[in-house]
Amino acid sequence: MFDLGKYADAILSSWGITLALLIALVLVTWRRSVQVKKALHAAEQRASKNV
């Protein structure tokens, strides 16, 4: 393990916050992707019925 000295708390908390934010960003993006795919599928269904 690396010796972080007196800055260990600051460094580890920064890494933890960064990791949490990255995970949150991935989850939000994935959730939005699912919503957009459902909306696109519904729009395609409506468009195919009107033709």
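The values are calculated or read from the model by the stated rules, or taken from the named source; none is laboratory data. Source: prediction; values computed, not measured. Note that each Cβ is placed from the backbone with ideal geometry, even for glycine, and that neighbours are counted across all protein chains shown.
Residue count for region 1-18, restricted to those that are in a helix (DSSP H, G or I) and exposed (fewer than 10 other Cβ atoms within 10 Å of the Cβ): 4.
Per-residue answers, yes or no, for (1) modelled with pLDDT of 95 or more; (2) among the aliphatic types (A, V, I, L, M); (3) out of contact with any Ser or Thr (no Cβ under 7 Å at 6 or more places or on another chain):
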{"position": "Trp15", "(1), (2), (3)": "yes, no, yes"}
{"position": "Leu27", "(1), (2), (3)": "yes, yes, yes"}
{"position": "Ala39", "(1), (2), (3)": "yes, yes, yes"}
{"position": "Lys49", "(1), (2), (3)": "no, no, yes"}
